[in-house]
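Report on the following structure.
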Amino acid sequence: MKTNRILSFFLLCAGALMIASCSNENITGNSVEENNKEAKGIVFTSIGDNVTRDTPNTRTSISHIIGNGATAYWSTGDKIWVKATDGNFKQSAAGVLNANKTRGDFSLSTGTYVNQCDVHYTGLNSSNGNSVTIASTQNQTTPNDFSHAGESGDCGSAKATGDGTNFTFKLNHKAAYLCFLPQSPSSTFANCTLSKVEVISDNAIAGDFDFTTGSLGTTPTANGSNTITLNTTNFPLTNTSASAETNASYMVIAPGTHKLVIKYWIHSNVDNIDGTVTKVIDSRSYSAGNIYDVSSNLDTRVYHEKYYMWDAAVGEDYWKGFESSMPLVLGGHDENYPKTNADSRWYRETSFPSVAEQSAKDCPNINEITWYINDGDIHWDSSELFYQLGHFYKGGAWILKKDNIAGYSSTIASDGIDYRTYTTPCTINKTPIAGTPNSADITKYFFKPALGHYYLGTLWHLVGIIGQDVGLRTSSLCPDPQQRSYILQINSGSARVDIGDYCDNGVPIWKAE
């Protein structure tokens with residue numbers, strides 16, 4: 001996952017404000033309804049200086065336009081909190097905004113205030129000047145519209161300058177912000193929509209935070225959550241490159257150092273299936289007042305895997321020459337599958353303990369499979385989406401990479417036996433963990449989709465089903481008079497060594513990771 005562009009992001013309301021980034025993407029503010037009432041009483045007026053692309057300023061309503069920066073506005077109903085000489089924060093009336101919402105006058109009818117008094121903005125509908133709630137559920141109804149920032153946890157603080165009845169102030173943003181920009185360069189996801197974005201951190205990114213000092217506390221005081229869900233309204237995924245107008249989705253998070261797992265929840269309109277595409281951002285700092293673009297290529301879940309009989313000649317896959325007629329849906333059948341050893345796609349005929357020499361020679365052997373099953377901390381993810389054979393499916397396994405498995409070996413199995421020559425079949429079986437590995441460790445794993453297999457020309461629908469079973473070839477044969485090969489099979493109920501393949505099934509090949 002590539003994280004583009006860091007934008008300084010200050011709460012300021014005195015002019016049209018521009019934001020730009022190193023990736024040349026922009027943010028512009030969304031205008032809101034005007035409030036033309038005159039402010040009365042003690043008045044605090046938001047002000048601002050001319051700003052440059054390197055010192056951008058903004059408020060809560062934002063729209064993202066690639067290449068031109070950002071314009072920001074106050075929102076109708078916004079209020080501020082000001083610290084009086086008695087030590088208490090007083091809430092203003094709703095701001096009286098100028099015609100283009102770039103300046104606000106906020107009046108208070110009670111309290112005494114002095115030069116350099118503290119001003120806090122603690123979000124839309126806030127009831128406390130010293131506390132900010134970053135919502136664990138956020139909602140955005142329109143692409144490239146950040147008008148929900150105020151209700152999602154936007155906040156800021158300032159020192160006001162004035163003489164007792166009239167003050168000016170310029171607020172600085174204190175939350176951090178994410179802008180998600182999913183895309184499909186191949187247009188595979190063009191008939192899909194984005195229903196929500198789920199972010200899972202290795203520490204708290206939402207909850208109630210102390211704001212006494214004018215900055216967010218480092219940890220929540222209550223209702224802490226490592227997960228934030230941003231609900232969208234089925235934003236389109238028709239773009240082949242980052243397009244803010246198409247589907248830019250915004251989220252407020254707590255600043256700090258986080259490792260983030262991002263799950264894009266996607267609906268396929270053609271296949272009528274909902275699932276996730278998971279991305280990971282390694283641990284990094286998210287600074288207060290900064291917005292971070294997250295540009296995500298969804299095509300990492302687009303597969304074009306071929307199926308092979310055991311150790312068939314390289315390039316002689318199960319449907320070679322008959323790609324136009326190969327079954328693409330469960331239970332589909334075609335007679336153009338290899339039936340005898342006269343077919344160049346036929347498996348290599350040999351006997352135990354021979355090992356693969358052709359298409360399966362780089363597949364893990366049976367010993368390696370035992371390490372994955374017993375020590376690979378296999379997780380079954382029933383939600384992860386993938387595209388294969390012209391359709392969307394979901395389901396697959398997260399498996400520890402071999403470098404993270406202590407003792408991993410190709411010459412000896414996890415139980416101390418070398419099954420490459422052992423005359424009793426290996427029958428190791430273990431139950432997978434449901435779900436995705438935790439965000440702190442997920443980069444130690446690799447994902448394998450449930451690609452299923454072909455049996456006698458049929459995309460099989462009884463066992464080893466696409467979307468329900470991961471089946472992967474090995475380079476090893478079973479000890480059996482009839483030639484059979486070992487397969488790694490994983491589903492929601494078991495991760496096991498399968499010994500039922502008579503080498504003539506069409507199964508994906510792979511390399512140990």
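Read the figures in this text as sums done on the coordinates, not as results from a lab. Here the structure is a predicted model, which means the values were calculated and not measured. Using ideal geometry, Cβ is built from the backbone for each residue, glycine included, and neighbour counts are taken over all protein chains shown.
For region 443-513, what does the alpha-carbon gyration tensor say about shape, rounded, prolate or oblate, given a ≥ b ≥ c as the root eigenvalues, a/c under 1.5 as rounded, and a/b over b/c as prolate? Show your work: numbers first, answer last.
Values: a/c = 1.83, a/b = 1.25, b/c = 1.46.
Oblate.
Debye calculation, C-alpha points only, no solvent: report log10 I(q)/I(0) for the chain at q = 0.13 Å⁻¹, in the same order as the q values. Result of the Debye calculation: -1.11.
Out of all DSSP beta bridges in the chain, what portion is antiparallel? Express it as a percent rounded to 5.
Working: 99 of 119 bridges.
If I count the DSSP bridges inside the chain, around 85 percent turn out antiparallel.
For region 349-491, just say rounded, prolate or oblate: build the C-alpha gyration tensor, square-root its eigenvalues into a ≥ b ≥ c, call rounded for a/c under 1.5, and beyond that prolate if a/b exceeds b/c, oblate if not. Could you put the intermediate results ahead of the total?
Values: a/c = 2.13, a/b = 1.20, b/c = 1.77.
Oblate, because a/c is 1.5 or more while a/b does not exceed b/c.
What value, in deg cm²/dmol to 500, does the helix sum -39500 (n - 2.57) over DSSP H runs of n ≥ 4 give at 222 nm once divided by the residues of the chain? Counting only the DSSP helices, I get -1000 deg cm²/dmol. Cross-link partners of residue 263 among lysines, defined as those whose alpha carbon lies under 30 angstrom from its own and excluding same-chain residues fewer than eight positions apart: 2, 174, 196, 279, 306, 394, 401, 402, 430, 444, 448, 511. How much FRET efficiency would the formula 1/(1 + (r/R0)^6) give for residue 324 and residue 270, where r is the Cβ-Cβ distance and R0 is 25 Å, rounded to 0.05? So the FRET efficiency works out to roughly 0.80. A full extension of the chain between residue 339 and residue 114 corresponds to an added length of 71.9 nm, given 0.36 nm per residue minus the alpha carbon distance. Multiplying the residue separation of residue 349 and residue 282 by 0.36 nm and removing their Cα-Cα distance gives an extension gain of 19.5 nm.
Summing Lys, Arg as +1 and Asp, Glu as -1, what charge do residues with Cβ under 12 Å from the Cβ of residue 413 carry, residue 413 excluded? Show your work: numbers first, answer last.
Values: positive: 420; negative: 368, 375, 415, 418.
Local net charge: -3.
Restricting region 383-481 to trypsin sites (Lys or Arg not before Pro) that sit in a DSSP loop and have at most 15 other Cβ atoms within 10 Å of their own Cβ leaves 401. Scalar couplings 3J(HN,Hα) for region 500-513, obtained by applying the Karplus form with A = 6.51, B = -1.76, C = 1.60 to θ = phi - 60°, are x, 8, 8, 6, 9, 6, x, 10, x, 9, 7, 10, 4, 10 Hz; x denotes Gly and Pro. Counting charges near residue 357 (Lys, Arg +1; Asp, Glu -1) among other residues having Cβ under 13 Å from its Cβ returns a value of -1.
As a length-normalised measure over Cα pairs under 8 Å and 6 or more apart, the relative contact order of the chain settles at 12 percent. For region 84-118 versus region 467-481, the spacing of their alpha-carbon centroids is 71 Å.
With an a/c value of 1.5 or above and a/b not larger than b/c for the gyration tensor axes a ≥ b ≥ c computed over the alpha-carbon atoms, region 287-398 is described as oblate. A crude spin-label estimate for the pair residue 480 and residue 406, with each label 7 Å from Cα along the Cβ direction, gives 3.5 nm. The calculated FRET efficiency for residue 161 paired with residue 223, based on their beta-carbon distance and R0 = 51 Å, is about 0.90.
Kindly state, to the nearest 0.05, the FRET efficiency for residue 304 paired with residue 443, given R0 = 25 Å and r defined as their beta-carbon distance.
0.50
Cβ-to-Cβ counts within 10 Å put 120, 453 in ascending order as 453, 120, the fewest first.
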